[in-house]
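First comes the structure, then the notes that go with it.
The values are calculated or read from the model by the stated rules, or taken from the named source; none is laboratory data. Small disclaimer: the values here were computed from a predicted structure and weren't measured. Here Cβ is always computed from backbone atoms with ideal geometry, including for glycine, and neighbour counts include all displayed protein chains. Keep in mind that these areas ignore ligands, DNA and RNA; they rest on the heavy atoms of the full protein, side chains included. Shrake-Rupley method; radii C 1.70, N 1.55, O 1.52, S 1.80 Å.
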Amino acid sequence: MASSDPSRPATGYPFVPNGIHYPPPPPGTAYPYQAPPPQPANPYYYNTNQPYPNQRATLLRRLIAALIIVTVIFFTILFIVWLVIRPHLPEFRVTSLSVSSFNVSSSSSSVSGNWNARFQVYNPNKLKISYGDIQSSIYYKSEFLSQTRIPPFKQAKKNVTDINAEYGAMGSYIAGRAVNQINGDKGRGSVSFNLKIVADAVYRVGGFRARRRLLRVFCDDLAVGFSGNGGSGNLTGGARRCKVYS
């Protein structure tokens, strides 16, 4: 057999240099050759697994947000309008009160007479007011004497309206104590009466009803002066402002 020539290139696989065989590296030993560098990620790779936004849920959230904004704006405007045109109670004054044919009977504990009252009503609002179902009563202290109805009327804003009320009593019963007090007051030249008005008031903005109130008007201690034993008298001390409640 011919001897091998070391200068001759090796052929076959695997190549054993100089005919020397080396044992394989033990298990767990690192790879003797350098690892290839990591490859860069492909910039053109598109992840088809990305979730799409739910268009229906997005639209619903936008609608709810828009509804909330519109509601807040609406109530803000409504509150500003209410501050500007919020209704105030009208003002009532008694400008005159006259009595005729006034007579008090001690024997029958009764009173007769005719009263004529004139009221001045002022509307301080920027709203129109409609008055309906108006009832008015006249008293001596807490003793009821007579009642009447006043025709309904309307008031424009910042308007002053005069209304009249006529009361009549013919032999109306009153307590004996009241008879004695009236006779005593009349002998001193003055008898005081109380007037009361109850009315249904509707506030309006244009053609729309803004608010409705039940007004209660009290005009107290209206002194009517009498001369001697006559049965006629008139209000003394000028016009009197009434108290208005709702």
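Checked against a 18 Å cut-off, the cross-linked pairs Lys196/Lys243; Lys141/Lys196; Lys128/Lys154; Lys154/Lys243; Lys126/Lys154 give Cα-Cα distances beyond that limit for Lys154/Lys243.
Within the stretch 185-246, which trypsin sites (Lys or Arg not before Pro) sit in a loop by DSSP and count at most 10 neighbouring Cβ atoms inside 10 Å?
Values: sites: Lys186, Arg188, Lys196, Arg204, Arg209, Arg211, Arg212, Arg213, Arg216, Arg240, Arg241, Lys243; in loops: Arg188.
When the trypsin sites (Lys or Arg not before Pro) of the stretch 185-246 are filtered for loop state and at most 10 Cβ neighbours within 10 Å, Arg188 remain.
Computed about its Cα centre, the charge dipole of the stretch 113-212 is approximately 620 debye, with only Lys, Arg, Asp and Glu carrying charge at their Cβ.
Short-range pairs are left out: with C-alpha atoms under 8 Å and at least six residues apart, the relative contact order of the stretch 105-217 is 34 percent.
What is the percent carbon and sulfur in the accessible area of the stretch 113-246, measuring with a 1.4 Å probe over the protein chains and ignoring ligands?
Details: 3280 of 7110 Å².
Answer for the stretch 113-246 is 46 percent, counting heavy atoms of protein chains only.
Using the heavy atoms of the protein chains alone and a 1.4 angstrom probe, what is the accessible area of the stretch 183-246 per residue in square angstrom?
Numbers: 3520 Å² over 64 residues.
Value returned for the stretch 183-246: 55 Å² of accessible area per residue.
Value of Rg to Rh for the stretch 139-242, rounded to two decimals, is 1.07; Kirkwood radius and Rg both from alpha-carbon coordinates. Computing Rg and the Kirkwood Rh from the Cα coordinates of the stretch 119-198 gives a ratio, Rg/Rh, of 1.11.
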